[in-house]
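Trainee: Could you have a look at this structure, given as C-alpha cells, before my questions?
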2 protein chains.
Amino acid sequence: MTEPTDPSGPTKVDVAALTALLDGEYADVRTLVRDNLAEHASILEDAETMSRDEFRQRVLDVVRMMAGTGQTGFGFPKEYGGGEDIGASVAAFETLALGDLSVVTKVGVQFGLFGGAVLQLGTKPHHDAYLERLIKGDLLGCFAMTESGHGSNVQALGTTATYDAGTGEFVISTPDDRARKDYIGNAAQHGHVAVVFAQLVVGGESHGVHAFVVPLRDEDGTVLPGVRIEDCGRKIGLNGVDNGRIWFDDVRVPRTNLLNRYANVSEDGTYSSGIDNPDRRFFTMLGTLVQGRVCVGGAGINASKVAIAIAVKYALQRRQFGSPGSGREELLLDYGQHQRRLLPMLARTYALHFAQERVAADLHTVFNRFGEVQAADDEHERRALEARAAGTKALGTWHASRTIQECREACGGAGYLSVNRFDALRADTDVFTTFEGDNTILLQLVAKGLLTDYKDSFEDMDQIGMVRFVAGMAVESVLERTNARSILERLRDVVPGNRDSVDDPESGLQEGAWQLEMLSAREEHMLSGVARRLKRGIDAGRDPAEVFSLCQDHVIGAAWAHVERIVLEAFLDKLETVEPGPNKDALNHLSDLFALSCIEADRAWFLEHGRISNARSKAVTRRVNQLCRRVRPLAGDLVDALAVPPEMLRAELLEFSGS
Amino acid sequence: MTEPTDPSGPTKVDVAALTALLDGEYADVRTLVRDNLAEHASILEDAETMSRDEFRQRVLDVVRMMAGTGQTGFGFPKEYGGGEDIGASVAAFETLALGDLSVVTKVGVQFGLFGGAVLQLGTKPHHDAYLERLIKGDLLGCFAMTESGHGSNVQALGTTATYDAGTGEFVISTPDDRARKDYIGNAAQHGHVAVVFAQLVVGGESHGVHAFVVPLRDEDGTVLPGVRIEDCGRKIGLNGVDNGRIWFDDVRVPRTNLLNRYANVSEDGTYSSGIDNPDRRFFTMLGTLVQGRVCVGGAGINASKVAIAIAVKYALQRRQFGSPGSGREELLLDYGQHQRRLLPMLARTYALHFAQERVAADLHTVFNRFGEVQAADDEHERRALEARAAGTKALGTWHASRTIQECREACGGAGYLSVNRFDALRADTDVFTTFEGDNTILLQLVAKGLLTDYKDSFEDMDQIGMVRFVAGMAVESVLERTNARSILERLRDVVPGNRDSVDDPESGLQEGAWQLEMLSAREEHMLSGVARRLKRGIDAGRDPAEVFSLCQDHVIGAAWAHVERIVLEAFLDKLETVEPGPNKDALNHLSDLFALSCIEADRAWFLEHGRISNARSKAVTRRVNQLCRRVRPLAGDLVDALAVPPEMLRAELLEFSGS
C-alpha cells in the first residue's frame, strides 16, 4: 500500500503541450470555436432565464453568428462558400460541445442533417439551389426521417411519396398518426423546407424509402397548405431547439425535388438507380448519416470534459472532515473513494478522445471526394467506418451520461444548482444516447458488421437476416474475419505465455500489449460464442426472431467488447507518437487506468473464462487504486489540458470551496 | 434455452390482492394520499408551464391543501392536531412521491425537518408555541443546518450562538461566507422562522452544535434586520421549493429559543445537559434526523415505481422490427435485452419496497413514545435503526436515479419529452442521493455501525475515530457482532454443503436460503477484510486518515453488501407471510430475480473468493435471463399492482404506441 497521493512517477505535465497533442491537426479550428464560445458565453445563463420562445430565437441568432465565422461550413464544397474539409467540420462540431448544447444540436440539424442530406443525397441542381443559403443559415431546414411509430426501423416508414406522371409531381402523404414525422428539429418554428424520407411509389410500385425536398413555410414563416405542424413542447433538455411533428396531407412537390444522387424518376414515371438491390440502395443512402454519428459521439465526449473538469477542480478545493487536531479538513480528491469516482472517468475521457480522433480521421479519408459515387472497392472501408462510428458514438454518449451524473453527485448539493453547469450538461446530453441511432441498436449494428465482415449484403439485414446469415457459416470463418484474431496472433509473439503461471499476479499488468491481449481475447471469444449460439438456435429449428431475442445481450456484449478494444488501440497508437517525458508518463498512467478499469469492470467475464486467476483479478483492482493515487497529483493539470474555456466552466462552486 | 416469453409458471396475478399486500397496514393512508394526488394532478403540468415564482406559490398552495386533509400531520401529537402515528406519517410521505416531487420536498422541509426539529429537539413551551400552526401550514419554517463550507461534517459548522447573560439572549452570527447557511428549503421566500444549527458559546466556552429558533421574516414577509437571504436560484429540479442562503449578522433571540430537550442554558449562563459526553449529545440530537432519511428513501423507491410502470407499459405497446413476412413488428418487451433492462429493476423495486416497509416499522417502534427521553437500553436499538435507515436511503435513492434513467432511455425519444414524466422524475429525484445525508457518507456510517456494534461511542467517531477503534479490537470480535455471522451459522444447518461439488451448477440457485447465504458470506468476508486492513494500517504506524483513504472503497463495499443482504431478508420474510398461490409464485420469481441479479452484478467478487465456480457463475447469468422470461408475461400486472394513480402516469406516449 502506498499513500493516498503517490509521489512516485511524474508530478507535473506540460499543459500547453498536452493540449496541443489533444487538439491535433485542427488546433486552429478548435481555437476559433473556443473563441466563439467565449464570445457568446452569456447564452449559458440565457438558457436558464429566458422563456422557451426567447431562447429558441437566441440559439438561432448564435448559430447564425457562428455560421458567419465559417465555423459551421467546413463540411461543404468551397464553391458554395464551404471549407471543404470534413475533418475540420467534425473538430469544429465537437469542440462546440464545450458550450451550450442547444446550439450544438441546432448546428447539427441545420448543417449536418439537413445540409448533409442535400449535399450527399442531392445532385448539382440541388446544391446550386440550396447550399449557399443553407451554409449561411439563411435557409433553415429539417431532416424529417423519424416517425412516431418508426424510430430505428427506418425501412418501415409510413409516409408516402407517390409520383403523379400527369403533373410531374410527387404527392407526399401521412397515412396515419404513426407515420407523422416526430421530434424533428427546426420543425416547430424555424424550418422553411424539409428533407422528407418517404416510401417512393411510382406507377403503383413501391421502391422503398427516398428523400424529397418539401417546403414547409412561406417567406413570412406561415405554414404552407397541406402541411400541419405541432410543437413537441418541453423536453428534458435542448429546449433551444424547436422540435416538432409534421403531417403531410397530399402535398405536391415537383419531380426534381427528389434528391436523386442514387435514384431517379423520369418525367414519364420510369424509376432508375445505379444501385440495383433496393436494400443496398437504401443503406447506401442511410450511410450518409455516418457523419452525424461521428459528430454526436464527439460532442458527448467533449461535454464529458466540461463535467470532469468542474468536478476535479472542485475536489481540489473543497475540504471535508480531517484528522482530529490537525485543524484542517482533507481535500475531497485525497479520499480514495473520490479518486475512484472521478479518475477512471478522466482516463476514459482521454481514451475516447483519441478514439474519436481516429474515427474522425477515417471519416475524412472516406468522405473527402465530394460528389463522387463511391467505387465498389470503397464499400468495405465505408461499412467499417460506419461500424466504428456507431461504436464510438454509443460508448462516447453513454460515457457522457454516466460521467456527468457521477460528477454531479461528486459535487454534492452544489452540483444540483443550475449555475454549476451539470443541469444543462446532463439534461441536454441525455438524448445523445437515443438520437442519431439508439445506442443499443448501434451496438447491434457493430456486431452484425463483425459477424458478417461488412459483407456487401450485410446492411440490408435486420437482426433476422443477420441470424440467418451467421447460421449459414462456419464459426471459424466468422473468427478469421475479426481483427481481434489477428491481433491475438500478433501479440502472442510478443507477450510471454500465461501470466498466471508466473508467481507474481501483478506481473505485466501495466503492459499495453497484455491489456490489449485481454480485450482482444474477450472480443474474439464473445463473437465466436454468439456465432455458435445463433447457429445452434437455427439448427434446432427455432424462429430466428426468438433466437435473436435469446442472444441479444450476448450480441451487444460482444460489440461492447470490440469497441473497448478499438478504443484502447487508439490510445496505444497515439502513445507511440509521443516523445518520452513527463507528458508521455502521464498519458501512460491514463492509458493503464483506462485499460485496467475496463478489465476490472468485466473481471467476472475474465475469471469465468479462465483468462485471469483469482489472485490476478484482485491485483487488477489493487492496481486501479494505485493508478488513481498516481494520477491524483496530476489531476489538475490533466483537466486543464482538456482546454475547456474558463467561461464554459462558469461554475460558481469553484469560486467558493476553498478552505 | 426457453422461449422469449416463458409460458411455464404463473401467467396471471391477482392485482388487487397484490396491491393490498404492498400497501400493508397503512392502506387507508395511502388511499387518502392517492386521492389527494389525483385531485391536484394538474400540478404536473404546472411544473412545466409556470414561472418559478408562480410554481413555488402553487406548490405551497397544494401543500397547505394537503395539510388540510390531515395527510401531513400524522407524525405529530394529537393534542396539537396531529395523528400521532409515525408509521402513517412515513406511508403518507412516500406515497406522495408518486406525484410532483417539489410538493414532497416542501412537505419534508416543513413537517419533517422543521416540524421534526421543533418536536424532537424542543420541549413543551416550543411545542405549545409552534406545533399547531406549523401542522396546519400557517407557520412556515426552515431547517438551517447545512453551510456552504460544511455539508456532511455537521460538527464543523461555523455559525455561532453566543450567550449574552446581560440581556438573556443568544447572538447568532455568520463569521464568514463558508458558514452561510446554504440550500435551505423555505428560506428564499416562504419561511418565517428557522431552526438554526450553531456552535453554542457560553461564557467563552464552546459546547458544540445546538439548535435555535430564529425568526427570519415579519408577518408581511419582510426579512428581519440582521438577516440576509439570497435565493439559490434555479436547480436541476425541485424548482417548486424556494431554497436559499442565509447570513446572520449578530441576530439576537431570547434564551428560551434554544431547543432545549437535550441541553439548556440558565439565565445566569450556566450550561447543563442530561448527556455528559458532548459528542454523544450531538449525535443524539442528530439522531432525530433518522425519520427524514426513512422518508427520503421511501420517496425514491416510490418515484421509481412511476418510472418502471411507464416504461413497462410502453414496452408492452410499442413495436419495433419483426420477422420478415410476418407483417408485424415485435413488442419491445419481447426483446431479451429490453427484458434485461427493465425487469431486474422491477424486481429490485419490489425488494426495496419491502425493505422500506421494514425500516418504517422499526422507526415507528423506536419513536412512538413522543417526548420521552430514550432509556439507555434503547440506544443500541436506535443506532441500529439509524444504520438501517441510512442504508435503505442510500440504496433506495441510487435505485431511483438509475431506474428512472434506464426507463427514460428504454422509451427512446418519447422518453425525452417532458410530458412523459421522466424529465421531472429524474431531475427532481437526482438530489435525493445527496440530501438528508450524502449516500457515500451514509454507507460509511453503516459500515462504522457494523464494525463497532453500534457502540455507545460509535456515533461520536468520524472515520478517523472508527479506524482507531477497530484497530484496537480483535477481528474476530468484529465478526461475532455482525448478524451475517449468525445467519451463516443458521443457514449452514439448512443448506447442503458446497454446491459446486454438485454436478449441476444450476442446483439450488432459486433457493432463498442459498441466495441469503451468498449475500451473508460476502458481507462477513468484506467486513472482516476491512477490519484486518484497518488494523494492519495502524499497526504499521500509518496516519489513520491515510489508512482510511486507502480502504475507503472496501468500507463502502462492505456496507453495500450488508444493505443488499438485509433487503433480501426483508423480501424473504415478507414471502413467508404470503399464502401459496399465483401471487406468491410471482413474488418468488421477483425475489429470485432480485437476489440473482445482485449476485450476478458482483459475481466477480464471488468468483475471486471461491464462493462460486465458473460454471455456477455462468449459470447465474442464464438463470437471470430465464427469470426475465418468466416475469415477462406477468410484467403488466406487476406494475399495475404498484398502484400508481393513472393521473400520475400522465405519459402521452402510452396513448400512442399501439400498432
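The values are calculated or read from the model by the stated rules, or taken from the named source; none is laboratory data. Given the structure is predicted, the values throughout are model-derived calculations rather than measurements. When we count neighbours, we look across all protein chains shown, and the Cβ atoms used for this are built from the backbone with ideal geometry, even at glycine.
Trainee: Taking the condition of being within 12 Å of the chain's Cα centre (by Cα) and either facing chain A (nearest Cβ under 7 Å) or acidic (Asp, Glu) (or both), how many residues in region B:416-429 meet it? Break it down into steps so the answer makes sense when it comes.
Mentor: Applying the first criterion (within 12 Å of the chain's Cα centre (by Cα)) to region B:416-429 yields B:429.
Those still in the list that are either facing chain A (nearest Cβ under 7 Å) or acidic (Asp, Glu) (or both) too: none.
Counting residues in region B:416-429 that are within 12 Å of the chain's Cα centre (by Cα) and either facing chain A (nearest Cβ under 7 Å) or acidic (Asp, Glu) (or both) gives 0.
Trainee: From the list A:LEU139, A:LEU98, A:LEU113, which residue is of a type in the set (A, V, I, L, M, F, W, C) and part of a helix (DSSP H, G or I)? Don't jump to the end; show me each part of the working.
Mentor: Working: A:LEU139 fails: part of a helix (DSSP H, G or I); A:LEU98 fails: part of a helix (DSSP H, G or I).
Residue meeting the stated conditions: A:LEU113.
Trainee: Something else about it: Any residue at all in region B:265-283 that is within 14 Å of chain A (Cβ to nearest Cβ) and either within 31 Å of the chain's Cα centre (by Cα) or in a helix (DSSP H, G or I) (or both)? Write out each step before concluding.
Mentor: Looking only at region B:265-283, we keep the residues that are within 14 Å of chain A (Cβ to nearest Cβ), and these are B:278-279.
If we keep only those that are either within 31 Å of the chain's Cα centre (by Cα) or in a helix (DSSP H, G or I) (or both) too, we end up with B:278-279.
Within region B:265-283 (the criterion being within 14 Å of chain A (Cβ to nearest Cβ) and either within 31 Å of the chain's Cα centre (by Cα) or in a helix (DSSP H, G or I) (or both)), the answer is yes, since at least one residue qualifies.
Trainee: Given B:ASP453, B:ASP438, B:ASP460, which one is in contact with a helix residue (DSSP H, G or I) (Cβ under 7 Å, 6 or more places away or on another chain), at pLDDT 80 or above and surrounded by fewer than 24 Cβ atoms within 10 Å (Cβ to Cβ)? Working first, answer last.
Mentor: Working: B:ASP453 fails: at pLDDT 80 or above; B:ASP460 fails: at pLDDT 80 or above.
Step by step, each of B:ASP453, B:ASP438, B:ASP460 is checked, and only B:ASP438 is in contact with a helix residue (DSSP H, G or I) (Cβ under 7 Å, 6 or more places away or on another chain), at pLDDT 80 or above and surrounded by fewer than 24 Cβ atoms within 10 Å (Cβ to Cβ).
Trainee: Can you tell me which residues in region A:167-190 are assigned to a loop (DSSP other than H, G, I, E, B) and more than 18 Å from A:GLU436 (Cβ to Cβ)?
Mentor: A:THR167, A:GLY168, A:THR174, A:PRO175, A:ASP176, A:ARG180, A:ALA188, A:GLN189, A:HIS190
Trainee: Do we find that B:LEU653 is more than 28 Å from the chain's Cα centre (by Cα), closer than 30 Å to B:ASN36 by Cβ, within 14 Å of chain A (Cβ to nearest Cβ) and buried (at least 20 other Cβ atoms within 10 Å of the Cβ) in this structure?
Mentor: Working: more than 28 Å from the chain's Cα centre (by Cα): yes; closer than 30 Å to B:ASN36 by Cβ: yes; within 14 Å of chain A (Cβ to nearest Cβ): yes; buried (at least 20 other Cβ atoms within 10 Å of the Cβ): yes.
For B:LEU653, the condition - more than 28 Å from the chain's Cα centre (by Cα), closer than 30 Å to B:ASN36 by Cβ, within 14 Å of chain A (Cβ to nearest Cβ) and buried (at least 20 other Cβ atoms within 10 Å of the Cβ) - is met.
Trainee: Out of everything in region A:115-162 that is over 21 Å from A:ARG280 (Cα atoms) and among the hydroxyl-bearing types (Ser, Thr, Tyr), what residue ends up being farthest from the other protein chains (Cβ to nearest Cβ)?
Mentor: If we take residues in region A:115-162 being over 21 Å from A:ARG280 (Cα atoms) and among the hydroxyl-bearing types (Ser, Thr, Tyr), then A:TYR130 is farthest from the other protein chains (Cβ to nearest Cβ).
Trainee: Here's another thing I want to ask about it. Residue by residue through region A:124-152, note down the ones that are among the hydroxyl-bearing types (Ser, Thr, Tyr) and either in contact with a helix residue (DSSP H, G or I) (Cβ under 6 Å, 6 or more places away or on another chain) or closer than 14 Å to A:VAL63 by Cβ (or both).
Mentor: Within region A:124-152, the subset among the hydroxyl-bearing types (Ser, Thr, Tyr) is A:130, A:146, A:148, A:152.
Matches in region A:124-152: A:TYR130, A:SER148, A:SER152.
Trainee: Okay, moving on. List every residue pair whose Cβ atoms sit under 9 Å apart, with the two residues 6 or more apart in sequence or on different chains, where the first one lies in region A:235-253 and is under 18 Å from A:PHE422 (Cβ atoms) and touching a residue at least 40 places away in the same chain (Cβ under 8 Å) and the second, anywhere, is part of a strand (DSSP E or B) and not aromatic (Phe, Trp, Tyr).
Mentor: A:LYS235/B:LEU417; A:ILE236/B:LEU417
Trainee: Ok, one more. Among the residues of region A:24-55, write down those that are among the charged types (D, E, K, R) and surrounded by 20 or more Cβ atoms within 10 Å (Cβ to Cβ). Let's see the steps before the verdict.
Mentor: Going through region A:24-55, the residues among the charged types (D, E, K, R) turn out to be A:25, A:28, A:30, A:34-35, A:39, A:45-46, A:48, A:52-54.
Those that are among the charged types (D, E, K, R) and surrounded by 20 or more Cβ atoms within 10 Å (Cβ to Cβ): A:ARG30, A:ARG34.
Trainee: Still on this model: Suppose the filter is away from chain A (no Cβ under 12 Å), in contact (Cβ under 8 Å) with a residue 24 or more places away in the chain and assigned to a loop (DSSP other than H, G, I, E, B); does B:VAL567 pass it?
Mentor: On the way: away from chain A (no Cβ under 12 Å): yes; in contact (Cβ under 8 Å) with a residue 24 or more places away in the chain: yes; assigned to a loop (DSSP other than H, G, I, E, B): no.
Here the answer is no, as B:VAL567 does not meet what is asked.
Trainee: Condition test on A:THR146, is it polar (S, T, N, Q) and free of Cβ contacts under 8 Å to residues at least 40 places away in the same chain? It would help to see each step written out before you state the result.
Mentor: Numbers: polar (S, T, N, Q): yes; free of Cβ contacts under 8 Å to residues at least 40 places away in the same chain: yes.
Yes: the conditions hold for A:THR146.
Trainee: Which of the numbered conditions does B:LEU593 fail, given that it passes all the others? Conditions: (1) surrounded by 23 or more Cβ atoms within 10 Å (Cβ to Cβ); (2) outside any helix (DSSP H, G or I).
Mentor: Of the numbered conditions (1) surrounded by 23 or more Cβ atoms within 10 Å (Cβ to Cβ); (2) outside any helix (DSSP H, G or I), the odd one out for B:LEU593 is (2).
Trainee: Among the residues of region A:84-95, are any assigned to a loop (DSSP other than H, G, I, E, B), more than 14 Å from chain B (Cβ to nearest Cβ) and in contact with a Pro (Cβ under 9 Å, 6 or more places away or on another chain)? Steps first, please.
Mentor: Going through region A:84-95, the residues assigned to a loop (DSSP other than H, G, I, E, B) turn out to be A:84-85.
Within this subset, residues satisfying the condition of being more than 14 Å from chain B (Cβ to nearest Cβ) are A:84-85.
With in contact with a Pro (Cβ under 9 Å, 6 or more places away or on another chain) added as a condition, the list becomes A:84.
Within region A:84-95, one or more residues are assigned to a loop (DSSP other than H, G, I, E, B), more than 14 Å from chain B (Cβ to nearest Cβ) and in contact with a Pro (Cβ under 9 Å, 6 or more places away or on another chain).
Trainee: When region B:224-260 is examined, which residues are found to be more than 14 Å from chain A (Cβ to nearest Cβ), assigned to a strand (DSSP E or B), more than 24 Å from A:GLU48 (Cα to Cα) and under 33 Å from the mean Cα position of the chain (by Cα)? So that I can check it myself, show each step before the final result.
Mentor: First pass over region B:224-260, keeping only residues more than 14 Å from chain A (Cβ to nearest Cβ): B:224-229, B:240, B:246, B:248-260.
Still in the running and assigned to a strand (DSSP E or B): B:227-229, B:246, B:248, B:251-254, B:258.
With more than 24 Å from A:GLU48 (Cα to Cα) added as a condition, the list becomes B:227-228, B:248, B:251-254, B:258.
Within region B:224-260, B:VAL227, B:ARG228, B:PHE248, B:LEU258 qualify.
Trainee: Further, regarding this structure: Being closer than 19 Å to A:VAL446 by Cα and either at the interface with another protein chain (Cβ under 8 Å from one of its Cβ atoms) or free of Cβ contacts under 8 Å to residues at least 24 places away in the same chain (or both) is the filter here, so list the residues in region A:528-543 that pass it.
Mentor: A:ARG533
Trainee: Turning to a different aspect of this structure: Test B:LEU101 against the stated conditions and say whether it is of a type in the set (A, V, I, L, M, F, W, C), surrounded by 24 or more Cβ atoms within 10 Å (Cβ to Cβ) and either under 26 Å from B:VAL306 (Cβ atoms) or at pLDDT 95 or above (or both).
Mentor: Details: of a type in the set (A, V, I, L, M, F, W, C): yes; surrounded by 24 or more Cβ atoms within 10 Å (Cβ to Cβ): yes; either under 26 Å from B:VAL306 (Cβ atoms) or at pLDDT 95 or above (or both): yes.
Yes: the conditions hold for B:LEU101.
Trainee: So is B:ALA179 aliphatic (A, V, I, L, M) and within 14 Å of chain A (Cβ to nearest Cβ) or not?
Mentor: Yes: the conditions hold for B:ALA179.
Trainee: Just to check your reading of the model, which residue among B:ALA390, B:ALA384, B:ALA361, B:ALA447 is more than 9 Å from chain A (Cβ to nearest Cβ), assigned to a helix (DSSP H, G or I), within 30 Å of B:ALA311 (Cα to Cα) and aliphatic (A, V, I, L, M)? Can you show your working first?
Mentor: Details: B:ALA384 fails: within 30 Å of B:ALA311 (Cα to Cα); B:ALA361 fails: within 30 Å of B:ALA311 (Cα to Cα); B:ALA447 fails: within 30 Å of B:ALA311 (Cα to Cα).
Result of the check over B:ALA390, B:ALA384, B:ALA361, B:ALA447: B:ALA390.
Trainee: Anything in region A:56-82 that is surrounded by fewer than 22 Cβ atoms within 10 Å (Cβ to Cβ), farther than 23 Å from A:PHE435 by Cβ and in contact with a helix residue (DSSP H, G or I) (Cβ under 7 Å, 6 or more places away or on another chain)? List them, or say none.
Mentor: A:THR69, A:TYR80, A:GLY81
Trainee: Right, next: Identify the residue in region B:400-415 that is assigned to a helix (DSSP H, G or I), of a type outside the set (S, T, N, Q) and crowded, with 24+ Cβ neighbours inside 10 Å and, among all such residues, is nearest to the other protein chains (Cβ to nearest Cβ).
Mentor: Narrowing region B:400-415 to residues assigned to a helix (DSSP H, G or I): B:400-410, B:412-415.
So of that shortlist, the ones also of a type outside the set (S, T, N, Q) come out as B:400, B:402, B:404, B:406-410, B:412-415.
Pick out the ones that are also crowded, with 24+ Cβ neighbours inside 10 Å and you get B:400, B:404, B:407-408, B:410, B:412, B:414-415.
Values: B:ALA400: 13, B:ILE404: 11, B:CYS407: 12, B:ARG408: 7, B:ALA410: 9, B:GLY412: 5, B:ALA414: 8, B:GLY415: 8 Å.
In this case the residue turns out to be B:GLY412.
Trainee: Please pick out the residue among B:ALA156, B:ALA144 that is farther than 17 Å from B:VAL201 by Cβ and among the aliphatic types (A, V, I, L, M). Write out each step before concluding.
Mentor: On the way: B:ALA156 fails: farther than 17 Å from B:VAL201 by Cβ.
Checking each option against the conditions leaves just B:ALA144.
Trainee: Whether any residue in region B:63-73 is among the hydroxyl-bearing types (Ser, Thr, Tyr), assigned to a helix (DSSP H, G or I) and outside the structural domain of B:HIS589 (by TED's automatic domain parsing) is what I want to check. Steps first, answer last, please.
Mentor: Here is the first cut: in region B:63-73, the residues among the hydroxyl-bearing types (Ser, Thr, Tyr) are B:69, B:72.
Next cut, assigned to a helix (DSSP H, G or I) only: none.
The answer is no; no qualifying residue exists.
Trainee: Next up: Looking at B:ASP128, is it out of contact with any Lys or Arg (no Cβ under 7 Å at 6 or more places or on another chain) and either in the same structural domain as B:VAL290 (by TED's automatic domain parsing) or part of a loop (DSSP other than H, G, I, E, B) (or both)?
Mentor: When the stated conditions are applied, B:ASP128 does not pass them.
Trainee: If you don't mind, another one. What do you reckon, is B:ASP61 under 16 Å from B:PHE93 (Cβ atoms) and away from chain A (no Cβ under 14 Å)?
Mentor: In short, no.
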